[in-house]
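*Asks:* First, the structure itself, so that you have it in front of you.
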Amino acid sequence: MRYLRLVVTGFLVVSTWVPAAAQGLPLKNGRPAVASVAGNAIYLDELVRDAGPSADRARLRQGLGTARDFELLSRLVNIKLVMQEAATMGLDETPEIQRQVEVTSREILREVHFERLVKGVTPDPAAVEKLFRDMVREWRTSSLLFQDEAAARRAHMEIANGAPFADVAARALAAKAARAEGDDAFHPKKDYLPPIAAALSKLTAGQLGPFICLQAGCVVFTVVDIRYPENPAARAEARRQVLDQQQLVIMKAHEQKLRKQSAVVKTAVLKGVNYEAEKPGIDALMKDKRVVADIKGVPPVTVGDLTDYLRFQFFHGSDRDSQRRRMNEKKEEALDAMVGRRLLNAEAIRMGIDKTTEYRDRTTGYRESLVFDAFVQKVVAPDSKMREAEVKGYYDGHVKEYSSPEMMRIRSLAFTGRPAAEKAVKQLREGADFGWLAANASGQVGRGAPGLLAFDGQPFMTTSMPEGLQKAVVGAKANDVRLWASPQGHYYALAIQQVVAPKPRPYEEVRDEIAKKLYAEKLKKNIEEYAAKLQARSKVEIYLKKVQ
């Protein structure tokens, strides 16, 4: 069902629309309308809701729409066309759809109530900044990895007692008691192993980290510096999270206020309900009319209501004993949720939210999506099934798309000037040891230089390399050496260690993936063709004029 709702977003109206005047939008039932399908209006509010935050309501109200506006409007037109056809088949009156609309309409009622309650709330700038800095924080560290725990503890103790980290590190490295780990670059939390990352979050610049032993050895590390790079996406996410939290606090406080005013829980009755007992049993409790919560102005919550809710949540499968235990464990939590929802629904109705166009439009939109899905399943989907020959034929014709990518293992040396890089390439081709060259070649770029790329022999997909680097290594084989000049002004000697050629994935492995792709394309095409036939029999008026 969710998939079908995605399919309809790709609709294009293929027939010719009947144009209308573009001097502002006409009013239908007192509301600005952007189109009409066989006399049924599509309102400006519906188009704005589909367009999301980017919608320019002022421009649209003038009767002017962009290409994207027309694409969204096409989708709404086609939904109306299909709805009219589905209504003649009675699909909009099926009990299943009626039940889903009834349940979801209550959720929509609470959503609109919530939005009105928190309207105007803005995120606290201090809280946003604090969360943002935590999200983008990066550390530059120095660390030593010891194989001998006692040696590591001695080094850690020396530094903790005031010895400079660099001095202790120099002695440990000279004695080959430890090896230096990492680089001079800044790294986000995700780049560190979990125990290190957890420790880093509590440290400031210049602090020594706690003593940590890992599978690879014992680590002694210090924080050299911390930075907080600007990141618009992270800042926006921080704002969203803080705003969500503030809104949730307001909603919870509002709900608690309603509970004190209008709800009374019958604790003794609730404690007496035992879903694990043989008697009276689940079926009898489903019919139990005893009240577990009185709510002013609305029907009370009965044992039967609570049991029905819990049974729907947990009573599935064959392990009935476990399910009954879960029902007992969750009965208080479930009652709390049911009371909260009923209170909020009652409050929303008291406020008249159920009579607003906002609520009615959302409910209508949800109902239409269900009916559309049912129509597609009944009328269009049967003619969209895939045949094995179609799937296999597509695989044979697109086998490159279903192959593992080419990968390379590369080690690199980066130089500040081209002559030094060319010399290194020549030496490597003549058989020089890479490790010796890395330790002795002059003119190398310093660690941590901006834009520096380091290849350490790990597998690397060629398609993920920078474009210029891809060209530099194209056609390379194991033991080849290539020269590459990066846009950042670094010159690389690239030692190709291994090349893993692309390998087609077995048909059996990708068959379902291909079938889904082809089915989606066929279904979309069939829906568009059906919508075009419906439109040929209907009068569609568009009240928007395309922006030039």
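*Asks:* If we keep just the residues of the stretch 503-538 that are in contact with a Ser or Thr (Cβ under 8 Å, 6 or more places away or on another chain) and loosely packed, with under 13 Cβ neighbours inside 10 Å, which is nearest to Met83 (Cα to Cα)? Give the steps one after another, and end with the answer.
*Replies:* Narrowing the stretch 503-538 to residues in contact with a Ser or Thr (Cβ under 8 Å, 6 or more places away or on another chain): 503-505, 519, 522-523, 526, 532, 535-536.
Now narrow it down to the ones that are loosely packed, with under 13 Cβ neighbours inside 10 Å: 503, 536.
Numbers: Lys503: 47, Ala536: 15 Å.
So the residue we want is Ala536.
*Asks:* Given the structure, is Gly431 touching a residue at least 60 places away in the same chain (Cβ under 8 Å), more than 17 Å from Val499 (Cβ to Cβ), assigned to a loop (DSSP other than H, G, I, E, B) and not aliphatic (A, V, I, L, M)? Steps first, answer last, please.
*Replies:* Numbers: touching a residue at least 60 places away in the same chain (Cβ under 8 Å): no; more than 17 Å from Val499 (Cβ to Cβ): yes; assigned to a loop (DSSP other than H, G, I, E, B): yes; not aliphatic (A, V, I, L, M): yes.
Here the answer is no, as Gly431 does not meet what is asked.
*Asks:* Report yes if Ala420 is in contact with a His (Cβ under 6 Å, 6 or more places away or on another chain), under 16 Å from Ala485 (Cβ atoms) and of a type outside the set (Lys, Arg), otherwise no.
*Replies:* Answer is no for this residue.
*Asks:* Which of the residues that make up the stretch 191-211 are in contact (Cβ under 8 Å) with a residue 12 or more places away in the chain, surrounded by fewer than 18 Cβ atoms within 10 Å (Cβ to Cβ) and not hydroxyl-bearing (Ser, Thr, Tyr)?
*Replies:* Those that are in contact (Cβ under 8 Å) with a residue 12 or more places away in the chain, surrounded by fewer than 18 Cβ atoms within 10 Å (Cβ to Cβ) and not hydroxyl-bearing (Ser, Thr, Tyr): Leu193, Pro195, Leu203, Ala205, Gly206, Gln207, Leu208, Phe211.
*Asks:* Please give the helices (runs of 4 or more DSSP H) falling wholly within the stretch 294-408 in which 1 or more residues are farther than 30 Å from Val510 by Cα and in contact with a helix residue (DSSP H, G or I) (Cβ under 9 Å, 6 or more places away or on another chain).
*Replies:* On the way: elements: 303-314, 320-350, 357-375, 388-397.
Where helices (runs of 4 or more DSSP H) fall fully within the stretch 294-408 and carry at least 1 residues being farther than 30 Å from Val510 by Cα and in contact with a helix residue (DSSP H, G or I) (Cβ under 9 Å, 6 or more places away or on another chain), they are 303-314, 320-350, 357-375.
*Asks:* Taking Thr122, is it polar (S, T, N, Q) and touching a residue at least 60 places away in the same chain (Cβ under 8 Å)?
*Replies:* yes
*Asks:* Checking the structure you have, find out if any residue of the stretch 311-332 is in contact (Cβ under 8 Å) with a residue 60 or more places away in the chain, within 29 Å of Asp283 (Cβ to Cβ) and not assigned by TED's automatic domain parsing to the domain that holds Ile42.
*Replies:* Looking for residues that are in contact (Cβ under 8 Å) with a residue 60 or more places away in the chain, within 29 Å of Asp283 (Cβ to Cβ) and not assigned by TED's automatic domain parsing to the domain that holds Ile42, one finds at least one in the stretch 311-332, hence yes.
*Asks:* Something else about it: Of these, Gln100, Gln62, which one is over 16 Å from Tyr530 (Cβ atoms), in contact with a Gly (Cβ under 7 Å, 6 or more places away or on another chain) and not charged (D, E, K, R)?
*Replies:* Residue meeting the stated conditions: Gln62.
*Asks:* Mind checking which residues of the stretch 228-275 are loosely packed, with under 12 Cβ neighbours inside 10 Å, charged (D, E, K, R) and not in a helix (DSSP H, G or I)?
*Replies:* Glu230
*Asks:* Has the stretch 459-474 got at least one residue that is within 30 Å of Asp396 (Cβ to Cβ), small (Gly, Ala, Ser) and at pLDDT below 90?
*Replies:* yes
The values are calculated or read from the model by the stated rules, or taken from the named source; none is laboratory data. Keep in mind that what you see is a predicted model, and the values were worked out from it rather than measured. FYI the Cβ positions are ideal-geometry reconstructions off the backbone, even for glycines, and counts take in every protein chain you see.
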